[in-house]
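One structure below.
Just so you know, all these numbers are worked out from the coordinates, no wet-lab data involved. Remember, it's a predicted structure, so these values are computed and weren't measured experimentally. Here the Cβ positions follow ideal geometry from the backbone for every residue, glycine too, while neighbour counts run over all protein chains shown.
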Amino acid sequence: MLSKTVSDQLVAMLVQAGIKRVYAVTGDSLNFVNDAIRRSGKIEWIHVRNEETGAFAAGAEAQLKGIACCAGSSGPGHVHLLNGLYDAHKSSASVLAIASTCHSTEFGTDSFQETNTIKLFDDCSCYNQIAVTPLQFPRMLQAAVQHAIHKKGVAVLGLPGDLTSMAAELSPTSMEIYHSNPVIRPSAVELIQLAAILNDHSKITIFCGIGASEAHDQVVKLSKVLQAPVAYSFKAKMSMQHNNPNEIGMTGLLGLPSAFESMHESEVILLLGTDFPYADFMPVKNKIIQIDTAPEKLGRRAKLDMGLCGNIQDTLDALFPLITQKEDDSFLQKQLNLYTEVKEHLKSYVDDPGKENLIHPEYVASRIDALSAEDAIYTVDTGMTCVWAARYLNATGKRTLLGSFNHGSMANAMPQAIGAALACPGRQVIAMCGDGGISMMLGDIMTIVQYKLPIKLIVFNNHSLGMVKLEMEVSGLPDWQTDMVNPDFSKIAEAMGMRAITVTDPADVDGALIEAFAYSGAILLNIITDPNALAMPPKITFEQMKGMATSMTKLMLSGQMDEVWKKIESNKKHLKELL
């Protein structure tokens, strides 16, 4: 049966595509769409306070459930969407963005709130078109959804306000949404060549990205056959760490020395489903083999000896009959022993919880890990909270971790938690927020309250832009304009109708977390943490040490001795490590 209007047709096709809700701020050119959703009763309209929150929430929901939708109306609504859509696109999240615009009769006239959606969204989308007739619309919407699903990215459909109330027309092509899950693996010849390299070398390290997340069991089996340690990216931690006797942690800026050393001491590195962006942490003297479903990504992060197109599950299943069981496990045991030492070192940071108003963030993260649910969903802000999550949250096989891992945006944790809580209402959702991050998007605490989402907001309140502070110091610059005068986040949350607790004493951390996790509604924990806690990378270069020394010298020469002594006191363990 033909829908009455284009807006009705939009809603019907969204339902058919499996979309459960639209994150948006209503108004102007979106009003007829809003009304069609209301009359349908089959889709939720989630009224966010800022379209950026809506885009982040949709990106989180898409990563958890497959596809999601957000919308923004004329001009400013489009611009607000951009940051969240960039993040979703870089996260390979299948998001449909409806960009409603001024009336089509006003195009090209510098009309009120007119934006060129094609130019605006071109860099953060895999499909980006604007429909101007009722006949175009269903064809473009079908194509947009297909692109979002199968290209794993953002699809933007421009929708003029006058079109939303026009009579719908049937498309001459398909209006159905098609899902496909093909088998993708290298050719037989390529698999034989790959097997020959693996069979001929004894020191092999496997490095996994998010593209290997569905291949946990195959990766564990491969590591046992090859006697190979398994390292992984931050995005892959929750899917690779659990029930994996040969895992050795992460590498990269947030990683551990064990993974870094293993990759650099290997004869062969096997990169599985990873587009790891930090080339400085990738070795250059060993053989590197990369397998990915997107062949255009092969070799753009490292010099390869072999690049193969394949789904990791399909490829490893086809590879197993061609490789032989290795007996020599000396390389593997060496790396596992180093990893044990590294974990003991990390534990030393949480044994000291800090003191009044200087709670150690490592301790807080470790207690979140210990006390949260087995199937918790964590969202983490970019910055120091990412470091603590990377090093102290542990996988169970049921937990999920979301962040702005590729786009690196601040203020992502709270908006992503909104999408996670709506998409997975039965799971505990914990947002690990930096004080800088949550300050940017405070208004959408009201969205959490309005929709009664039982999100646990944990603010690591160190009154500074901690990661920026560290970046400046290792570059030899005295940190400047990184300190923050914060409001009382607890009082703000309470004024918005959310329960809140401020924690200043490390002895109260466990009690506050237990209370928060047991509470049935939304709650904010404002935890006052040590601003001088450092997050050292797995490999500290001479230039970084030189930069830090230069920075501290400049602070002392400018009379800021107190700050230098505080930093030394907070990081004695790191200093011992360097000496």
> Cross-link list 20/65; 235/355; 152/452: which exceed 22 angstrom alpha carbon to alpha carbon?
Replying inline: 235/355; 152/452
>> Please state the shape class of segment 385-444: rounded when a/c is under 1.5, otherwise prolate if a/b exceeds b/c and oblate if not, all from the C-alpha gyration tensor.
In response: oblate
>> On a 24 Å Cα-Cα criterion, which of the cross-link pairs 297/326; 151/221; 119/303; 237/343; 90/237 come out too long?
In response: 297/326; 151/221; 119/303
>> Quick query: amide H of residue 130 versus all other amide H atoms, modeled in the peptide plane; which residues come in under 5 Å with a sequence gap of 5 or more or a different chain?
In response: 158
>> Going Cα to Cα from residue 42, which aspartates and glutamates come in below 12 Å? Please leave out same-chain ones fewer than 8 positions away.
In response: 8
> Quick one: putting +1 on the C-beta of Lys and Arg, -1 on the C-beta of Asp and Glu, what dipole do you get for the chain around its Cα centre, in Debye to the nearest 20?
Replying inline: 700
>> Can you tell me the length gained on complete extension of the stretch residue 181 to residue 143, counting 0.36 nm per residue apart and subtracting the Cα distance?
In response: 11.9 nm
> Check residue 431: other-chain or 5+ apart residues with amide H under 5 Å from its amide H, H built from backbone geometry?
Replying inline: 379, 456, 457, 458
> Could you list log10 I(q)/I(0) for segment 6-165 at q = 0.09, 0.12 Å⁻¹, which the Debye formula gives when each Cα is one point scatterer?
Replying inline: -0.22, -0.41
> Using modelled amide H (1.01 Å from N, peptide plane; none on Pro or chain starts), what sits under 5 Å from the amide H of residue 502, excluding residues fewer than 5 places away?
Replying inline: 526
> When the Cα centres of segment 126-186 and segment 1-73 are compared, how far apart do they sit, in Å?
Replying inline: 14
> Roughly what percent of Cα-Cα pairs across segment 248-302 reach past 14 Å?
Replying inline: 52
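About its Cα centre, what dipole magnitude does segment 188-338 give when the only charges are +1 on Lys and Arg Cβ and -1 on Asp and Glu Cβ, stated in debye to the nearest 20?
Values: 13 positive and 18 negative charges, 62 e Å.
Roughly 300 debye for segment 188-338.
Starting from 0.36 nm per residue, how many nanometres of slack lie between residue 110 and residue 242 once their C-alpha separation is accounted for?
Values: separation 132, 0.36 × 132 = 47.52 nm, distance 5.56 nm.
Gain on stretching residue 110 to residue 242: 42.0 nm.
Go ahead and estimate [θ] at 222 nm for the chain from helices alone: -39,500 (n - 2.57) per DSSP H run with n ≥ 4, summed, over the residue count, rounded to 500.
Working: 23 runs with 241 residues, N = 579.
Only helices count here, giving -12500 deg cm²/dmol.
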> Pulled fully out, how much extra length does the chain show between residue 294 and residue 174, if you take 0.36 nm times their separation in residues and subtract their Cα-Cα distance?
Replying inline: 40.5 nm
> Using all Cα-Cα distances in segment 118-274, what percent lands in each 5 angstrom bin from 0 up to the longest?
Replying inline: 1, 8, 13, 14, 12, 9, 9, 9, 8, 7, 5, 3, 1, 0
> ³J(HN,Hα) across segment 202-212 via Karplus (A = 6.51, B = -1.76, C = 1.60, θ = phi - 60°), whole Hz, x for Gly/Pro?
Replying inline: 9, 9, 10, 10, 9, 10, 10, x, 5, x, 9
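Is the shape of segment 188-338 rounded, prolate or oblate, going by the alpha carbon gyration tensor and its root eigenvalues a ≥ b ≥ c, with a/c under 1.5 for rounded and a/b larger than b/c for prolate? All intermediate terms of the calculation are to be shown ahead of the outcome.
Working: a/c = 1.27, a/b = 1.07, b/c = 1.18.
Here segment 188-338 falls in the rounded category.
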> P(r) tail for the chain, what percent of Cα pairs lie past 36 Å?
Replying inline: 41
> Can you work out the base-10 log of I(q)/I(0) for segment 268-335 at q = 0.19, 0.25 1/Å, using the Debye formula on its C-alpha atoms alone?
Replying inline: -0.86, -1.14
